[in-house]
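Just below is one structure, and these are the notes that go with it.
The values are calculated or read from the model by the stated rules, or taken from the named source; none is laboratory data. If you're wondering where the values come from, they're calculated on a predicted model, not measured in any experiment. Glycine also receives a Cβ, built like all others from the backbone with ideal geometry; neighbour counts cover every protein chain displayed. What goes into the accessible areas is simple: the full protein's heavy atoms, side chains included, and nothing from ligands, DNA or RNA. Shrake-Rupley method; radii C 1.70, N 1.55, O 1.52, S 1.80 Å.
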2 protein chains.
Amino acid sequence: MTRRDPTLEDVAREAGVSRATVSRVVNGVRNVDPGIQETVRRAIERTGYRPNRAARFLVTHRTETVALVISGTGDAFAARVFADPFFGRVVSGALEYLRAHAKHPVILVAESVEAREQVVDYLSKGTADGCLVVTMQAGDPLPTMLTAAKIPTVLFGRPEPGLAVSHVDLAQAEGARLAAERLVARGCRRVATIHGPRALPAARDRLTGFRAALAAAGIADVPAAEGTFTVESGAAAMRQLLAAHPGLDGVFAANDLMAQGACQYLRERGRRVPEDVAVVGFDDSSVAAACHPPLTTVRQPVERMAAEMARLLSEHIQGARTEPAAVLFEPELVVRESA
Amino acid sequence: MTRRDPTLEDVAREAGVSRATVSRVVNGVRNVDPGIQETVRRAIERTGYRPNRAARFLVTHRTETVALVISGTGDAFAARVFADPFFGRVVSGALEYLRAHAKHPVILVAESVEAREQVVDYLSKGTADGCLVVTMQAGDPLPTMLTAAKIPTVLFGRPEPGLAVSHVDLAQAEGARLAAERLVARGCRRVATIHGPRALPAARDRLTGFRAALAAAGIADVPAAEGTFTVESGAAAMRQLLAAHPGLDGVFAANDLMAQGACQYLRERGRRVPEDVAVVGFDDSSVAAACHPPLTTVRQPVERMAAEMARLLSEHIQGARTEPAAVLFEPELVVRESA
DNA sequence: TTGAAAGCGCTAACAC
DNA sequence: GTGTTAGCGCTTTCAA
């Protein structure tokens with residue numbers, strides 16, 4: 001019943017040539033007579049031959065596959081990832097680049113400690129040539145594990161201090177400055193911020209960058225509340241902030257989802273956005289435009305960043321680059337209605 | 001510099017036994033002296049050996065990997081997928097089952113026609129033992145391509161007529177009936193619905209099921225508008241509906257995202273939910289509870305359904321099941337505030 | 001330009 | 001209970 005899949009051998013027999021010749025045609029090596037090339041191509045067609053990836057890997061040590069690893073832990077991590085449009089942009093950007101460069105993209109989710117081990121194990125031997133990783137967890141050990149296993153890796157966001165690995169990042173402080181200046185320009189003077197988990201470098205940078213920019217504008221005291229990058233946590237942080245500082249007239253949230261939560265809560269409490277309280281988000285993810293009111297936000301060119309990760313990884317895989325590289329992107333203020 | 005990875009041979013030499021013995025230990029085959037077993041285990045430890053997946057596949061034709069394919073097309077498909085919590089639940093459910101059964105889960109995105117080809121190609125030869133597919137596109141050719149390529153496949157949702165492939169599904173009409181009855185019980189008499197793309201079986205079933213249930217309650221005329229399962233499309237459909245039927249007092253949206261959009265639009269137009277217009281969603285995805293007001297919705301046990309898909313697939317892979325199977329799940333009404 | 005043959009790392013008969 | 005050996009399907013010298 002399960003007729004064996006056709007192999008190179010079968011195609012060779014069918015075409016009346018040797019395995020080696022068929023292999024050359026399949027891999028587009030020159031030095032093959034155009035006539036024979038045609039014959040072989042037809043034989044491939046007729047037999048429905050497809051190269052066996054495993055057999056090929058065994059000799060080339062190449063899979064032409066790149067893994068995109070999404071790492072983090074906590075309750076319903078997978079579910080949370082799929083509720084954050086940010087990841088969609090990362091995936092889009094990486095996918096587009098990889099497809100255009102004939103690499104197979106696969107997405108791996110490392111949602112627990114064991115899952116992380118499994119992912120490393122999986123990647124260690126013949127599954128992908130390298131991986132792109134984006135982690136949502138502070139102090140995530142995955143990048144270290146990956147480099148220890150000598151798996152070519154590129155990170156979204158800078159690594160923990162002490163770990164040398166290629167990555168792309170956004171000029172976070174610069175983005176926070178853009179937000180601060182917008183708020184100040186609008187006339188806000190009683191400004192607060194909803195920041196992400198302090199252990200995350202990006203979150204920390206946005207917080208300190210925001211405060212620094214405000215200090216430069218003469219606003220020294222900036223209340224802050226921590227969220228977890230979800231809509232609910234944004235609303236909760238807004239509640240805290242508003243309770244402690246009812247006179248607030250401006251808020252900077254470290255991502256759009258939290259900004260959305262903040263807007264929701266503000267409106268519930270009868271505050272108009274932006275008339276009473278101006279709100280600036282971060283990312284310019286798909287929710288930003290769909291939000292009520294549409295969010296003024298700091299745009300992060302996520303798709304381009306993801307594509308750059310893939311490009312960097314390709315260089316590492318090809319051996320064209322041996323030293324870790326860091327590529328920094330510039331943020332941009334997108335003005336809509338919330339501030 | 002790149003010292004060759006240790007192989008079975010290396011471990012064997014280190015342990016002073018044959019390759020076969022090491023292989024037995026690695027694969028947990030009985031008939032190995034406990035003492036030797038220990039020796040080998042230590043040798044593995046010392047050498048840092050990890051089985052080469054490709055080499056193993058070449059002889060066993062097993063990868064212990066299962067692919068979860070998310071298929072669909074259209075603008076920014078990847079981005080849309082990652083904005084719909086529904087997929088997060090599918091992924092969660094599948095991941096949990098697969099991890100528990102020592103299968104490696106990988107996610108593949110088939111976001112375009114070529115991507116679909118690539119995915120089939122990728123799966124055809126030595127990447128995964130089978131795949132779970134969830135498609136958001138009417139008439140998606142992927143399931144047919146997959147079965148034609150003899151790749152063990154299980155679908156989320158019933159296949160196109162004429163295609164025999166294992167799948168899990170929800171009793172859609174039953175779910176729609178639950179929604180209809182809730183609306184009627186609340187006293188709604190001028191009821192409309194926002195349905196999904198008609199070409200999708202699930203969307204069709206919800207629409208006809210809803211109308212049938214309403215007809216049974218004496219409501220024969222049910223205006224309908226089509227959406228695409230996104231928040232924006234839900235708002236747009238609501239606008240149409242409200243323009244044509246200002247007296248509406250109840251709406252059933254075929255998923256929570258569209259229900260959310262509908263609520264947003266209704267509130268913009270000054271309609272209170274549920275006092276003026278009651279709204280029922282579908283899925284009970286994470287947005288349902290976070291919505292304003294929290295959504296009354298028809299719960300689909302997505303995680304359990306995804307786990308069942310994985311179980312079914314395992315049976316197919318093991319050869320324990322040769323005929324396609326269909327497993328039907330029952331929906332459940334979750335009452336919150338919107339209706 | 002083409003073919004023969006070695007070998008990638010592993011499992012599974014089969015023999016001992 | 002353990003070792004020997006024959007491939008799995010492919011690429012890649014090396015000769016011709």
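For the stretch B:172-299, a simple Cβ point-charge model (Lys and Arg +1, Asp and Glu -1, everything else neutral) yields a dipole of about 220 debye relative to the Cα centre. The Rg/Rh ratio for the stretch B:172-299 is 0.91, where Rg is the radius of gyration of the alpha carbons and Rh is the Kirkwood radius.
Placing a label point 7 Å from Cα along the Cα-to-Cβ direction at residue B:73 gives distances to the equivalent points in the other copies of 4.3 nm, listed shortest first. Going by Cα centres, the stretch B:75-111 and the stretch A:37-86 are how many Å apart? Using only Cα atoms to place each centre, the spacing works out to 16 Å. Quarter the surface of the alpha carbon convex hull of the protein assembly as shown and you get the mean projected area, 34.2 square nanometres.
With a threshold of 21 Å on the Cα-Cα distance, the over-threshold entries among A:125/A:150; A:125/B:103; A:103/A:125; A:103/B:150; A:103/B:103 are A:103/B:150; A:103/B:103. Cα centroid separation, the stretch A:188-253 to the stretch B:218-289: 35 Å.
Using a 1.4 angstrom probe, figure out how much accessible area the stretch A:257-320 has per residue, in square angstrom, rounded to the nearest whole.
I get 34 Å² per residue for this part.
Run through the stretch A:93-156 and list the trypsin sites (Lys or Arg not before Pro) located in a DSSP loop whose Cβ has at most 12 other Cβ atoms within 10 Å. Passing sites in the stretch A:93-156 are A:150.
For the stretch B:28-149, a simple Cβ point-charge model (Lys and Arg +1, Asp and Glu -1, everything else neutral) yields a dipole of about 640 debye relative to the Cα centre. Here the protein assembly as shown is treated with +1 on each Lys and Arg Cβ and -1 on each Asp and Glu Cβ, and its dipole about the Cα centre works out to around 860 debye.
Between residue B:59 and residue A:327, the modelled label-to-label distance comes to 4.3 nm, taking each label 7 Å out from Cα in the direction of the beta carbon. Element breakdown for chain B at a 1.4 angstrom probe: carbon and sulfur atoms account for 50% of the accessible area. Residue order by solvent-accessible surface for B:317, B:194 is B:317, B:194, largest first, with ligands and nucleic acids left out and a 1.4 Å probe.
Comparing B:102, B:278, B:237 in a Gaussian network model of chain B where C-alpha atoms under 10 Å apart are linked, the largest mean-square fluctuation is found at B:102. Computed with a 1.4 Å probe over protein heavy atoms only, the accessible area of residue A:190 comes to about 140 Å². With its label point put 7 Å out from Cα toward Cβ, residue A:29 sits 3.5 nm from the same residue's point in the other copies, in order from shortest. The mean sequence distance of close C-alpha pairs (under 8 Å, at least 6 residues apart), as a share of the length of the stretch A:182-290, puts its relative contact order at 28 percent. Using C-alpha pairs under 8 Å with a sequence gap of at least 6, the mean separation divided by the residue count of chain B gives a relative contact order of 17 percent. Report the accessible surface area buried between chains A and B, summing both sides, using a 1.4 Å probe on protein heavy atoms only, in Å² rounded to the nearest 100. That pair of chains buries around 4300 Å² in total. In chain A, the DSSP-assigned H stretches of four residues or longer account for a calculated mean residue ellipticity at 222 nm of -14000 deg cm²/dmol, using -39500 (n - 2.57) per stretch and the full residue count as denominator. A label point on residue A:61, set 7 Å along the Cα-to-Cβ line, lies at 3.0 nm from each of its counterparts in the other copies, closest listed first. In the protein assembly as shown, a dipole from Cβ-located charges (positive for Lys and Arg, negative for Asp and Glu) runs towards its positive end, and of B:175, A:292, A:69 it is A:69 whose Cα lies farthest in that direction.
In loop segments of the stretch B:295-339 as defined by DSSP, the GluC sites (Glu not before Pro) with at most 15 further C-beta atoms inside 10 Å of their C-beta are B:337. The residue list A:264, A:43, A:78 was ranked by how far each Cα lies along the charge dipole of chain A toward its positive end, using unit charges on Cβ atoms, and A:43 comes out on top.
Using Cα-Cα distances under 8 Å and only pairs 6 or more residues apart, what relative contact order does the stretch A:8-60 have, in percent?
Relative contact order of the stretch A:8-60: 38 percent.
Buried on complex formation within the stretch B:285-318 (loss of at least 30 square angstrom of accessible surface versus the isolated chain, 1.4 Å probe, ligands and nucleic acids ignored): B:290, B:292.
Counting every pair of alpha carbons in the stretch A:8-60, the share spaced more than 18 Å apart comes to 24 percent.
With the convex hull constructed from alpha-carbon coordinates only, the stretch A:247-305 shows a mean projected area of 3.7 nm² over all directions.
Taking every protein chain into account, the accessible area of the stretch B:78-225 amounts to 35 square angstrom per residue (probe 1.4 Å).
Any chance you could check the stretch B:99-122 for residues losing 30 Å² or more of accessible area when the partner protein chains are in, compared with the chain on its own (1.4 Å probe)? Listed in order, they are B:99, B:104, B:106, B:107, B:109, B:111, B:118, B:121, B:122.
Surface calculation, 1.4 Å probe, protein heavy atoms: residue B:280 sits at approximately 0 Å² accessible.
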